[in-house]
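Notes follow the structure.
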Amino acid sequence: MVPAFSLNGVIVEFNNQPVLDIGELVFDDRIIHAVIGPSGAGKSTLLRVLNMLQKPTQGSVTYFGNPLPYNGANSLAARRSMSMVFQTPAMFSGNVYDNVALGLRLRDVKTKEVRAKVFQALETVGLTDLTKRSAATLSGGEAQRIALARALVVNPRVLLLDEPTANLDPGNVTIIEDVIKRIPHETGITIIIVTHNLYQAKRLSQQAVFLNKGKIVESSSTDEIFNNPKAQETKLFVSGEMVY
């Protein structure tokens with residue numbers, strides 16, 4: 001199976017200082033990957049590279065076997081095949097239905113199909129009763145679930161999640177995690193989640209990457225990372241002994 005992403009020699013520099021330096025890294029298709037590491041490790045920068053928001057200073061990224069087109073004629077199609085959910089979601093003006101439907105309307109999807117897809121996405125996150133609610137009145141948990149529905153409604157090949165439950169109450173965390181776990185099995189979507197919550201990484205992912213100071217310390221199955229880490233640095237981090 002062709003991997004969703006392959007990175008080779010990827011370096012990202014800010015003010016001539018490297019913040020990400022990845023020799024080789026592969027994200028397999030149709031599973032959940034967790035990216036873990038301390039603050040400032042380069043986790044969000046990695047997501048920005050994958051989502052084409054940040055072009056690497058050096059190196060190459062392939063996307064399902066083809067070079068990731070940061071510019072050019074194929075750039076829009078690649079961007080539209082991915083969705084990203086941030087830690088703090090931005091709601092657009094209008095009601096919940098309009099927020100979830102926006103990506104489909106930009107793709108010129110027919111109105112009848114838009115309606116069916118929007119209700120399906122809202123059903124997935126358990127919020128079909130909020131279609132007419134003003135997006136500005138949503139609680140933090142509701143807004144994050146709507147952001148997830150908005151990401152899923154366009155049926156992306158890849159879903160990128162940057163600390164999607166960091167500020168939520170346990171009830172909403174449980175709902176969102178349940179949705180995330182079901183997605184690859186039901187849709188075949190590849191998920192890459194950045195999280196500070198090590199228990200969440202263990203619950204959700206099949207593969208894990210431990211980043212520190214912009215570099216890969218270890219990349220393996222989640223079970224190996226947490227139960228049989230090869231690097232001492234990984235062992236200290238997952239055990240809570242690393243002070244950072």
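The values are calculated or read from the model by the stated rules, or taken from the named source; none is laboratory data. From a predicted model like this one, the values you see are computed outputs, not experimental measurements. So basically every Cβ, Gly included, is an ideal-geometry build from the backbone, and we count neighbours across all protein chains shown.
Things to note:
- Looking at Ile216, Ile225, Ile146, Ile180, just one residue is modelled with pLDDT of 95 or more, buried (at least 18 other Cβ atoms within 10 Å of the Cβ) and assigned to a strand (DSSP E or B), and that residue is Ile216.
- Any hit, segment 110-120, residues being assigned to a helix (DSSP H, G or I), among the small types (Gly, Ala, Ser) and modelled with pLDDT of 95 or more: yes
- Taking first residues from segment 181-206 that are farther than 21 Å from Pro156 by Cα and partners that are part of a helix (DSSP H, G or I) and among the acidic types (Asp, Glu), the Cβ contacts under 8 Å between residues at least 6 apart in sequence or on separate chains come to Gln200/Glu177; Arg203/Glu177.
- Counting only strands (runs of 3 or more DSSP E) that sit completely within segment 10-93, those holding 2 or more residues that are within 30 Å of Ala143 (Cβ to Cβ) and out of contact with any Pro (no Cβ under 9 Å at 6 or more places or on another chain) correspond to 32-36.
- Filtering Phe92, Phe27 for residues that are under 25 Å from Phe119 (Cα atoms) and either touching a residue at least 24 places away in the same chain (Cβ under 8 Å) or of a type in the set (Phe, Trp, Tyr) (or both) leaves a single hit, Phe92.
- Flag for Thr124 being surrounded by 15 or more Cβ atoms within 10 Å (Cβ to Cβ) and over 26 Å from Arg30 (Cβ atoms): no
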